[in-house]
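Data block below; observations after.
The values are calculated or read from the model by the stated rules, or taken from the named source; none is laboratory data. The structure presented is a predicted model; accordingly, all values stated were derived computationally and were not measured. Positions of Cβ are backbone-derived with ideal geometry, glycine not excepted, and every protein chain shown enters the neighbour counts.
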Amino acid sequence: MKKIIFSLSLFALSFGSKAQDGKLVQQVNFNAGKTFSSFLYTDANGNKDENLSYRSGNTYNLSIGLGFGSKHLLRPEIQYSELGATSSFLDAPLDWKLNYLGVGATYLYKALNKETISLSPGVIVGYEYLLKGEQTVGNTRYDLNQLDAIKTWDLNTGLLLNSRFKVTESLYLNFEYRFNIGLNQIENQDQGEKSKNIGHKALLGLSFNL
């Protein structure tokens, strides 16, 4: 685990150092918020599970904003997310909790870029490592890592909308909505079933101009 965290830190720092050499670093962002996630699930016959519901979790991320001209921003990031879903079976509640740590990048286009406020839509790509996976059936909890039930890595993409509000010359409030969808089958079993992560994220944080 220490090796993974160390590698992720080097990943972010390498972006930062290269950007500083080229005078591209514009901001550093710290965000935290809520995740509302579920699974895109179909069985071997292509039928969806109508009992699946969203569960809430937390998300934390750190990103560096690299500016390209006045309208374009690339943000490499490190992120921790709590994903999963809820359901029921024979009146017993089911709950999945998947904790991920990953790296990613967002591209933002500054559609509105005023002195006191900016509004930027964009796209996301992320690659995440499963730190811990749990499934609870009624009062019984299962360790999905030990059972080797969930794949270790997940690739995802999505859309986002970011807004920044000026507080001081260097400090901004950062509000962000994200929609993410996993690109990989997350279960290790291969019986024709498909399960992918899907989630909405509402983030609030601080953004510092450099």
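Among the residues examined, Ser170 does not qualify as within 20 Å of the chain's Cα centre (by Cα) and either within 21 Å of Asn209 (Cα to Cα) or of a type outside the set (Phe, Trp, Tyr) (or both). Is the stretch 52-62 home to any residue that is assigned to a strand (DSSP E or B), closer than 23 Å to Ser118 by Cβ, modelled with pLDDT of 95 or more and β-branched (Val, Ile, Thr)? The answer is yes; a qualifying residue exists. Counting only residues that are in a strand (DSSP E or B), exposed (fewer than 14 other Cβ atoms within 10 Å of the Cβ) and of a type outside the set (A, V, I, L, M, F, W, C), the stretch 150-182 holds 0 of them. Of all residues in the stretch 72-112, those satisfying the criterion of being within 30 Å of Asn139 (Cβ to Cβ), hydrophobic (A, V, I, L, M, F, W, C) and surrounded by 18 or more Cβ atoms within 10 Å (Cβ to Cβ) are Leu83, Ala85, Trp96, Leu98, Leu101. Criterion first (part of a loop (DSSP other than H, G, I, E, B) and under 30 Å from Pro93 (Cβ atoms)) does Asn197 satisfy it? It is false that Asn197 is part of a loop (DSSP other than H, G, I, E, B) and under 30 Å from Pro93 (Cβ atoms).
If we scan the stretch 80-101, do we find a residue that is within 21 Å of Asn197 (Cβ to Cβ), of a type in the set (Ser, Thr, Tyr), touching a residue at least 60 places away in the same chain (Cβ under 8 Å) and in contact with a strand residue (DSSP E or B) (Cβ under 7 Å, 6 or more places away or on another chain)? Talk me through it step by step, then tell me what you get.
Initially, the stretch 80-101 is screened for residues within 21 Å of Asn197 (Cβ to Cβ), giving 80-89, 93-101.
Imposing the further condition that a residue be of a type in the set (Ser, Thr, Tyr) reduces the set to 80-81, 86-88, 100.
Cutting the leftovers down to touching a residue at least 60 places away in the same chain (Cβ under 8 Å) gives us 81.
Next, from what is left, pick out any that are in contact with a strand residue (DSSP E or B) (Cβ under 7 Å, 6 or more places away or on another chain): 81.
Yes: one or more hits.
Against the list (1) at pLDDT 90 or above; (2) out of contact with any strand residue (DSSP E or B) (no Cβ under 7 Å at 6 or more places or on another chain), the condition Gly33 fails is (2). Is it the case that some residue within the stretch 184-197 is within 13 Å of the chain's Cα centre (by Cα) and either more than 26 Å from Glu115 (Cβ to Cβ) or modelled with pLDDT of 95 or more (or both)? Checked against the condition, which is being within 13 Å of the chain's Cα centre (by Cα) and either more than 26 Å from Glu115 (Cβ to Cβ) or modelled with pLDDT of 95 or more (or both), the stretch 184-197 yields at least one hit.
Suppose we filter Tyr100, Tyr109 for residues that are of a type in the set (Ser, Thr, Tyr) and more than 22 Å from Leu206 (Cα to Cα); which single one remains? It would help to see each step written out before you state the result.
Working: Tyr109 fails: more than 22 Å from Leu206 (Cα to Cα).
The conditions single out Tyr100.
Considering the stretch 115-149, and only residues there that are assigned to a strand (DSSP E or B) and of a type in the set (S, T, N, Q), the residue that is surrounded by the fewest Cβ atoms within 10 Å (Cβ to Cβ) turns out to be Thr140.
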